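Right, one structure below, let's go through it.
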Amino acid sequence: MSTATLNSLLEYLYGTLSRNDMRWVADHLMEHANREEDYDLKPYTMEEINAMLDAAEADIAAGRTTPHEDSMRQARERIALKAHMKREESVMAGSI
């Protein structure tokens, strides 16, 4: 995020938050930022990447994968079910 955008965000927060709210936000931002520093991510080596590719290729050869068509059908079914449930919730809410 650019410095100008960050400054605008700060100015907005200064104008809308009470001192207590500012302290609360600051505490939570610091807690989150410190927690993120605990993650010591290291890049994969080429040997690790090649091993993952070999394992994936072995899974494909052994048939331990889901075909694209099946994955898409399952996704469409889940989306349709959620839409149906949402419509039913709306109907139930309107009838109460």
Output for segment 1-47 (equivalent-ellipsoid semi-axes, sqrt of 5λ from the C-alpha gyration tensor, Å, descending) is 32, 16, 4
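With a Förster radius of 30 Å, plug the Cβ-Cβ distance of residue 85 and residue 64 into 1/(1 + (r/R0)^6) and report the FRET value to the nearest 0.05.
It comes to 0.40.
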Which of (i) 1.32; (ii) 1.57; (iii) 1.97 gives Cα Rg over 2.2 N^0.38 Å as computed here? It is (iii)
Taking a ≥ b ≥ c as the square roots of the eigenvalues of the Cα gyration tensor, with a/c under 1.5 meaning rounded and otherwise prolate when a/b exceeds b/c and oblate if not, segment 19-72 is oblate
Farthest towards the positive end of the dipole of the chain, among 53, 6, 94 and with Cβ unit charges of +1 on Lys and Arg and -1 on Asp and Glu, lies the Cα of 94
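Read the figures in this text as sums done on the coordinates, not as results from a lab. All figures in this text were calculated on a predicted structure; none of them were measured in a lab. Glycine gets a Cβ as well: all are built from the backbone with ideal geometry, and neighbour counts include every protein chain shown.
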